[in-house]
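The values are calculated or read from the model by the stated rules, or taken from the named source; none is laboratory data. Just so it is clear, the structure is predicted and the values come from calculations on it, not from any experiment. All Cβ positions, even for glycine, are placed from backbone atoms using ideal geometry, and neighbour counts span all protein chains on display. Just so you know, the surface numbers come from the protein's heavy atoms only, side chains and all, with ligands and any DNA or RNA stripped out. Shrake-Rupley method; radii C 1.70, N 1.55, O 1.52, S 1.80 Å.
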Amino acid sequence: MKTINITLVRHGEPEQLGLLLGHTDLNLSKLGEQQLINRFNNLKFERLISSPLKRCLVMAEYIATKRKMTVDVEVNIKEMNFGDWDGLGYDSLWQQTPSLGDFWQNPIDITPPNGESFLAFQTRVNKWWQSLIHQASGDTVVLTHAGVIKQVISNLLNEMHYAELSNKIKIDYAGIINIEVKQDDQGNVWPMLKF
């Protein structure tokens with residue numbers, strides 16, 4: 001039986017706060033960069049995977065250069081695409097119909113205008129996650145987004161009520177979730193949240 005540790009890390013603070021950031025591609029603030037430098041100082045890993053969005057990839061490349069390793073860029077761990085809402089301020093999104101609040105309460109039935117459906121987001125993240133845990137060969141850090149991390153947790157807990165789960169989990173900037181994956185010789189895997 002082999003054990004691999006997968007650490008999910010949320011990107012640091014973006015350069016502009018108060019916006020719904022899905023595919024909107026902002027850099028990190030100086031504080032956000034420092035948050036990730038501090039976080040990565042305490043992490044040991046053999047593989048680094050990053051979302052292609054700048055708030056993840058710029059620092060992933062910086063960290064990889066310092067450690068003399070490469071970054072695997074994974075498009076399936078981009079944050080959800082919020083369509084017409086993407087990059088807008090939270091204040092205005094609460095006033096629209098349907099509103100951001102309606103979406104948070106019922107993401108399965110409400111899709112942001114011209115955005116990605118929750119089912120499409122869930123499918124792409126879960127497909128990527130299953131591929132990762134079945135193919136991982138060493139301790140891995142994944143630099144990604146809060147929505148992706150919450151979906152992985154939902155997957156691990158077999159939680160179908162994502163809206164309820166998502167509203168009960170807060171992942172700070174540069175926050176981490178540790179997952180231990182046990183693999184047997186037959187290719188079976190047992191991922192477990194590790195606290």
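Under 1.5 on a/c is rounded, so check that first for the chain, then, if it is not, pick prolate when a/b is larger than b/c and oblate when it is not; a ≥ b ≥ c are the square roots of the alpha carbon gyration tensor eigenvalues. It is oblate, given that a/c is not under 1.5 and a/b is not larger than b/c. Report the residues of segment 1-30 in range of a label on residue 139: point 7 Å along Cα→C-beta, backbone N strictly under 14 Å from it. Answer for this model: 3-8. Surface composition of segment 5-150: carbon plus sulfur atoms contribute 48% of the solvent-accessible area (1.4 Å probe, protein chains only, all chains present).
Looking at the square roots a ≥ b ≥ c of the eigenvalues of the Cα gyration tensor of segment 81-173, which shape do they give, rounded for a/c under 1.5, prolate if a/b is larger than b/c, or oblate? Taking the square roots of the gyration eigenvalues as a ≥ b ≥ c, segment 81-173 is prolate.
What pairs from 30/182; 2/54; 127/170 go past 32 Å between their alpha carbons? The pairs that break the limit, which is 32 Å between Cα atoms, are 30/182; 2/54.
Quick check on the chain: helices-only [θ] at 222 nm, where DSSP H runs of length 4 and up contribute -39,500 (n - 2.57) each and the sum goes over total residues. Nearest 500, please. It lands at -10500 deg cm²/dmol.
Only helices at least 18 Å long along their axis, Cα-based, and averaging -0.5 or more on Kyte-Doolittle count here, so list those DSSP H runs from the chain.
Span-like helices here: 54-67, 118-135.
Accessible area per residue for segment 1-107 is 52 Å², calculated with a 1.4 Å probe on protein heavy atoms, without ligands, DNA or RNA. Positive end of the charge dipole of segment 52-157 (Lys, Arg +1 and Asp, Glu -1 on Cβ, about the Cα centre): tell me which of 90, 157, 106 has its Cα farthest that way. Value: 157.
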